[in-house]
Amino acid sequence: MGVVKLEIRCPQTVNGIRLEPDPDWSFDALLSEIDSLEKKLNVSSSVPLPFTKTKSREFFGENGIKRSPSAFVMRISDEEFEDSEGEAEEVHDRGSAKAARFNCDEFYLSGSDDSDNESSLQVETYLMNEVGLVESALVELTHEHQLGVKEEIRSKISSLETDFMNESEKSSSAHAKVDKYREARREVERKFDVQYQRRIAEALDNHLTAIQRDHELKSQIEERKIRSDAAHAEAKRREKALQEERLRQEKAKAEAEAKLKAEEAKRVASEAERRAAKEAAEREADKASKANTSEVSQTEALGGPTATSSVVLNAQPKGFDTDKTKNSYSGGNMLRAAESALNLERERLQKLKELDERNQSLRSSSNEDFGSTERHIARLIRQIRGTKDNVRTKASELIKIFSNPRCPQTISIASFAKKVVSHCESPDNAAFACGHVIVLVTSQFPQAMDLLVAELQRACIYTVPKHISYSKSTFESKEAYWKAIGYREDDGKIESTKDYLKRLESYMKLYGALVQTEVAGGQNVHGLKEGWAWLARFLNALPANIYTAVALNAFLQMAGFALFRKYKSQFMKLLNIISENFLNALRAQEDPELRPIMAEIQSYLEDRKFLQEPEGRALQGSLLSSVMVPDSDYQDSYHQPNRYFY
């Protein structure tokens with residue numbers, strides 16, 4: 001079949017209207033072209049038409065932007081038509097409307113597919129039909145209404161979006177404020193909780209303190225009640241005993257008067273005999289002393305240990321009577337001590353002996369048991385701690401006991417001296433605190449100081465100071481010598497040197513703390529003057545050995561600070577003597593057991609520890625833990641190794 005080419009060439013102008021069909025027209029462009037056609041038709045018509053538009057339509061795009069009108073151009077082309085060009089012109093006169101001009105390209109006509117060709121040749125003429133004015137106006141109004149509705153909707157959407165953004169910002173700000181307020185409230189509540197907990201703790205502490213005070217008050221009231229009942233019963237018993245004793249004395253008085261004359265005669269005879277025996281014993285002792293003195297002089301001439309003051313006496317074991325001791329040993333014993341120190345010791349021991357005899361007489365003549373008072377004194381001494389309130393309280397209670405008429409003062413003082421000396425062996429003994437209590441008590445009862453020092457010197461000969469040298473001719477064995485210098489015997493066994501040195505150190509620390517103690521409003525009758533005298537007598541008379549080295553070190557540790565503050569350069573001279581003479585004498589012995597104590601004394605001198613206040617010398621303030629102190633004697637089971645031995 002052949003190919004038929006048909007060319008339709010549209011006219012360029014129709015009634016003065018130029019038409020340029022364009023297949024890419026949009027709907028807005030088409031409407032603009034229709035407006036232009038209506039204007040031209042209105043101008044060419046002599047009769048005014050209804051609904052004549054005086055203003056062209058305005059078209060807006062989707063974004064609300066006004067579009068400029070343009071001509072309606074439509075082109076139709078087909079590549080299958082070659083070298084054929086046709087013109088077709090069709091004018092439709094309905095409603096005095098003029099047809100538009102089309103410029104058409106080639107059309108392909110194929111005999112094999114007529115339906116396709118016919119459909120392709122059919123021109124959609126409905127766009128070219130003349131539209132009525134009413135319909136046109138209706139369409140225009142409808143379109144404008146739609147545009148207005150769209151614009152209104154768009155503006156409302158924009159307004160809603162703006163309101164939404166504002167509300168979101170307000171909501172975010174409100175949430176931030178709420179979070180900040182919540183955090184502030186939490187912080188305030190936390191502070192309130194801390195304050196509340198602190199108040200609860202303070203209230204609990206106050207409550208516990210009040211309960212403790214109530215318990216103490218109740219215990220004191222109960223104790224006073226028990227004491228009152230016991231005193232009342234004791235008074236009745238004593239009154240009854242006194243009546244019985246009075247009757248017995250009256251009955252025995254007659255018998256005593258009869259025997260008195262006979263006993264008086266016997267006593268006079270025995271006294272004369274005793275004096276004669278004593279004078280003979282003293283003459284023998286003087287002869288032995290002169291012989292030993294000549295031996296010492298010969299020893300010093302040969303290079304032996306020297307001392308500026310040495311006294312030769314018979315052996316005097318602790319607790320023995322002087323006359324009996326002299327008669328119990330065949331030879332003399334070298335006693336190293338200053339004569340003034342021995343005289344003071346003798347006077348104090350005599351006072352203590354007289355006090356013991358008086359107390360023994362009181363105990364035998366009275367049916368009252370003074371054990372409760374002695375136990376009370378022992379309990380108070382065990383409760384002494386290194387605080388100001390504790391020291392003041394214990395001293396006041398001890399002074400009240402001394403002033404109590406129920407118990408003789410001599411018994412209270414003797415018990416006080418013994419308990420203080422025995423307590424210094426305890427590992428929890430506070431030497432400086434005990435020194436304060438002793439000074440406070442003895443400032444009210446001065447006679448108690450000599451008795452306490454006598455007890456201390458009887459327990460430790462180095463507090464005199466004095467030293468007994470070992471001599472085979474004087475002592476039967478080493479054990480006898482050790483007993484003479486203060487070793488204890490338990491079940492027939494002598495204590496070890498470690499235990500003895502530990503006790504010796506405790507006694508010397510108490511003595512050193514006592515001589516340097518000063519209290520406000522009270523006088524220490526055995527103060528630094530006595531401490532200076534002790535140190536001078538020690539260096540003048542005592543030899544250098546393990547016992548004297550431990551005693552000297554303990555004394556310097558406790559009293560060296562106070563002695564240096566008072567005597568300055570004079571005390572430094574004594575320290576030089578210790579360094580040059582005492583330590584050199586220890587080194588010359590080349591004894592390994594002396595190395596630890598020599599190192600301590602050397603460190604004290606080289607480090608100038610006498611410039612530092614000893615620990616515990618200054619009493620602390622009140623402590624809650626010091627209110628309750630156990631009364632049990634648990635210290636007996638405590639073991640503390642001695643540091644002077646490896």
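The values are calculated or read from the model by the stated rules, or taken from the named source; none is laboratory data. As the structure is a computational prediction, the values presented were derived from the model and not from experiment. Here the Cβ is made from the backbone with ideal geometry for all residues, glycine too, and neighbour counts use every protein chain on show. For the accessible areas, the whole protein counts, side chains as well, though only heavy atoms, and no ligand, DNA or RNA atoms are used. Shrake-Rupley method; radii C 1.70, N 1.55, O 1.52, S 1.80 Å.
At a glance:
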quantity	calculated
Unmet criterion (only one of (1) farther than 30 Å from ASN367 by Cβ; (2) surrounded by fewer than 10 Cβ atoms within 10 Å (Cβ to Cβ)) for TYR181	(2)
From the options ARG224, ARG198, ARG213, residue that is within 30 Å of ASP369 (Cα to Cα) and either open to solvent by 80 Å² or more (accessible area, probe 1.4 Å) or in the same structural domain as ASP369 (by the TED database) (or both)	ARG224
ARG246 over 30 Å from SER366 (Cα atoms) and open to solvent by 100 Å² or more (accessible area, probe 1.4 Å)	no
Pair list, Cβ under 6 Å, 6 or more apart: the range 137-157 residue open to solvent by 100 Å² or more (accessible area, probe 1.4 Å) and in a helix (DSSP H, G or I), other residue hydrophobic (A, V, I, L, M, F, W, C) and modelled with pLDDT of 90 or more	none
Filter result for ALA241 (open to solvent by less than 70 Å² (accessible area, probe 1.4 Å) and at pLDDT 90 or above)	no
Yes/no for ARG458 being closer than 19 Å to HIS526 by Cα and open to solvent by 60 Å² or more (accessible area, probe 1.4 Å)	yes
Residue count for the range 457-506, restricted to those that are outside any helix (DSSP H, G or I) and either of a type in the set (Ser, Thr, Tyr) or touching a Gly at 6+ places or on another chain (Cβ under 8 Å) (or both)	9
Filter result (more than 25 Å from ALA233 (Cα to Cα), open to solvent by 40 Å² or more (accessible area, probe 1.4 Å) and more than 34 Å from the chain's Cα centre (by Cα)) within the range 367-426	ILE399, LYS418, LYS419, SER422
Any hit, the range 509-520, residues being over 30 Å from LEU619 (Cβ atoms), surrounded by 15 or more Cβ atoms within 10 Å (Cβ to Cβ) and within 48 Å of the chain's Cα centre (by Cα)	no
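Matching residues to (1) free of Cβ contacts under 8 Å to residues at least 12 places away in the same chain; (2) open to solvent by less than 10 Å² (accessible area, probe 1.4 Å); (3) outside the structural domain of THR410 (by the TED database):
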position	(1), (2), (3)
LYS466	no, no, yes
GLU479	no, no, yes
ILE485	no, yes, yes
GLU489	yes, no, yes
GLU505	no, no, yes
